[in-house]
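Working notes, structure below.
The values are calculated or read from the model by the stated rules, or taken from the named source; none is laboratory data. No experiment lies behind these values; they were computed from the predicted model shown. In this analysis, Cβ positions are derived from the backbone assuming ideal geometry, glycine residues included, and neighbour counts consider all displayed protein chains. All accessible areas refer to the heavy atoms of the entire protein, side chains included, with ligands and DNA or RNA removed. Shrake-Rupley method; radii C 1.70, N 1.55, O 1.52, S 1.80 Å.
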Amino acid sequence: MRTRFQVSGVEGTLEVFEDLRNQVGDAKKSSRILIQSVHQAMKSVLWMAQGLVAQDTGMLERSLAIVSRRPTNKDMRSRYVQPTDSAIALVTTRPIPKHLKRKLAGDFHATGKDKKEYRKFAKKFYKENDIFYDARAIANEFGTANRPAKPYLRVSLESQQSQVTSNLAMLLKQNIEKFKAKNLNTPTTQGK
């Protein structure tokens, strides 16, 4: 007596697994699940950091944002980023777009003003372009020769560490479950 098993739908299942790897893993830059999940998980750190900064002008608070992406070679120099990391999320000040930096330089040089007036000109320029740039971010975090440190980013990250980890696990589980429900067709196994 012989028993034969036939498995059908393997090609479709492998395609779904490949698609899941592309959505979650490190296969393509366009994958969405992992980067979106790390971004959302860091929101508690952002909120806490915004609450800890000095509220004098409010510019520093408004300049803080979450940046989530695949790690770059420059990121790998950090002791916090490992070569096996597929995505990272940072709470940082918003980067100023390069085209605005070029425009600022051109506009300032066109005025013929002295370099001493650059800061005032730059502050006005950024405000007009809805860029909340506060150069005191690093000075507040690490201090200067004349000013003690008032850390807000490190404190926020360290205190929210377990919250970020549990949020990330929950978000990944939800997003992968949504993906599976949307895309997986279970292969049938028939016995003959």
Test: residue in region 87-98 that is modelled with pLDDT of 80 or more, over 25 Å from V155 (Cα atoms) and either basic (K, R) or not in a loop (DSSP other than H, G, I, E, B) (or both): yes
Residues of region 77-99 satisfying the condition of being open to solvent by less than 50 Å² (accessible area, probe 1.4 Å) and aliphatic (A, V, I, L, M): V81, A87, I88, A89, V91, I96
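Within region 100-117, is there a residue that is crowded, with 17+ Cβ neighbours inside 10 Å, among the polar types (S, T, N, Q) and out of contact with any Phe, Trp or Tyr (no Cβ under 6 Å at 6 or more places or on another chain)? Full working, then the answer.
Residues of region 100-117 that are crowded, with 17+ Cβ neighbours inside 10 Å, as a first pass: 104.
From what's left, among the polar types (S, T, N, Q): none.
The answer is no; no qualifying residue exists.
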Selection status of A137, more than 19 Å from Q50 (Cα to Cα) and not polar (S, T, N, Q): no
Selection from region 54-74 of residues that are open to solvent by less than 20 Å² (accessible area, probe 1.4 Å) and more than 14 Å from L157 (Cβ to Cβ): G58, L60, S63, A65
Condition broken by V16, with the remaining ones in (1) modelled with pLDDT under 85; (2) outside any helix (DSSP H, G or I) satisfied: (2)
Those residues of region 118-138 which are open to solvent by less than 60 Å² (accessible area, probe 1.4 Å) and either modelled with pLDDT of 85 or more or in a helix (DSSP H, G or I) (or both), in sequence order: F121, A122, F125, Y126, A137
Enumeration of residues in region 41-69 that are out of contact with any strand residue (DSSP E or B) (no Cβ under 9 Å at 6 or more places or on another chain) and either in a loop (DSSP other than H, G, I, E, B) or under 20 Å from N175 (Cβ atoms) (or both): S44, A54, Q55, D56, T57, G58
Complete set of residues in region 139-167 that are of a type outside the set (D, E), within 19 Å of the chain's Cα centre (by Cα) and either open to solvent by 50 Å² or more (accessible area, probe 1.4 Å) or at pLDDT below 85 (or both): R154, V155, L157, S159, Q161, S162, Q163, T165, S166
Some residue of region 61-79 being within 30 Å of F179 (Cα to Cα) and touching a residue at least 40 places away in the same chain (Cβ under 8 Å): yes
Q174 being at pLDDT 90 or above and over 18 Å from V53 (Cβ atoms): no
